[in-house]
Amino acid sequence: MKIIAVKIDNNFNFEKYLYLFDSDAVIKIMSFYQQHDRVVAFTSELLKKYYLAKELALKPTEIKIGYNLYKKPILLDTEYKIDFNISHSDNYIVMVIDYNADVGIDIERINYEVNPQELGEHVFSHKELSLIGNDIDAFFIIWTKKEALIKAIGTGFLDDTYKTTQLTLDKYESLANNIQIYSLRIFSNYSLAIATS
């Protein structure tokens with residue numbers, strides 16, 4: 001497994017590098033109104049096209065990305081079994097790549113204005129809510145673990161799997177079906193989780 005983290009600079013002049021992408025990617029990047037969102041989209045596209053190409057010793061033009069039924073990005077037209085996932089929050093973008101498992105990653109900047117119970121009741125199981133209480137750090141640990149998990153299994157929030165999980169506050173946990181989840185704090189004020197299945 002490889003983890004790549006990029007801290008973006010909102011003043012970065014990405015537009016002079018748009019020639020690196022096909023018209024669909026350029027339209028996607030430029031569709032965002034805010035400069036910050038455009039830089040995030042540009043960096044995400046750069047990681048997908050160029051970092052994956054480097055990793056697989058392919059040309060960027062050979063990297064074809066599609067989506068599964070639940071909109072998880074997947075690599076198409078390759079003999080390699082490789083899975084990847086990207087997440088971003090505020091000024092960080094993270095990417096995970098694995099040759100042996102399906103992966104999901106999530107990063108969230110910890111927002112101390114959040115009401116953990118109010119938001120949590122929509123996505124957390126009763127057990128998870130009881131673990132969180134009003135602890136905002138605990139909220140973001142469970143949130144990032146849950147999002148990494150549903151991205152790894154490929155469903156996202158588009159089916160009800162996320163409502164039935166029984167995640168803990170442990171830094172590592174092993175679930176059924178050989179699913180493993182890691183909770184990390186590699187940047188101050190950010191919660192990060194990686195899941196493999």
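Values computed for the structure shown
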| read-out | value |
| --- | --- |
| Which listed residue is touching an Asp or Glu at 6+ places or on another chain (Cβ under 8 Å) and among the hydroxyl-bearing types (Ser, Thr, Tyr), from THR155, THR165, THR161 | THR165 |
| Matching residues, the stretch 52-79, being among the β-branched types (Val, Ile, Thr) and free of Cβ contacts under 8 Å to residues at least 12 places away in the same chain | THR61, ILE74 |
| Filtered residues of the stretch 52-72 (kept if among the hydroxyl-bearing types (Ser, Thr, Tyr) and either surrounded by 19 or more Cβ atoms within 10 Å (Cβ to Cβ) or not in a helix (DSSP H, G or I) (or both)) | TYR67, TYR70 |
| Residues satisfying the stated conditions in the stretch 152-196, i.e. outside any strand (DSSP E or B), under 16 Å from the mean Cα position of the chain (by Cα) and on the phi < 0 side of the Ramachandran plot | ALA152, ILE153, THR155, PHE157, LEU158, TYR162, ARG185, ILE186, PHE187 |
| Hits in the stretch 99-146 (condition: basic (Lys, Arg), closer than 30 Å to GLU55 by Cα and in a helix (DSSP H, G or I)) | LYS145, LYS146 |
| Near pairs, Cβ below 8 angstrom, 6+ apart or cross-chain, from the stretch 35-51 (more than 15 Å from ILE4 (Cβ to Cβ)) to any residue that is assigned to a helix (DSSP H, G or I) and among the β-branched types (Val, Ile, Thr) | ARG38/ILE29; ALA41/ILE29; PHE42/ILE29 |
| Leading residue by the ranking (modelled with the lowest pLDDT) among those in the stretch 74-98 that are part of a strand (DSSP E or B) and of a type in the set (Val, Ile, Thr) | ILE74 |
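Here is a yes/no grid of residues against (1) charged (D, E, K, R); (2) within 25 Å of GLN166 (Cβ to Cβ); (3) in the same structural domain as LEU20 (by TED's automatic domain parsing):
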residue: GLU62; (1), (2), (3): yes, no, yes
residue: GLY66; (1), (2), (3): no, no, yes
residue: ASP77; (1), (2), (3): yes, no, yes
residue: ASN85; (1), (2), (3): no, yes, yes
residue: VAL114; (1), (2), (3): no, yes, no
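This table checks each residue for (1) polar (S, T, N, Q); (2) within 26 Å of ASP37 (Cα to Cα).
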residue	(1), (2)
PHE84	no, yes
SER89	yes, yes
TYR99	no, no
TYR112	no, yes
VAL123	no, yes
ASP137	no, yes
LYS145	no, yes
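The values are calculated or read from the model by the stated rules, or taken from the named source; none is laboratory data. None of the values given here were measured: they were computed from a predicted structure. Don't worry about glycine lacking a Cβ; one is built from the backbone with ideal geometry, like all the others, and counts go over all protein chains shown.
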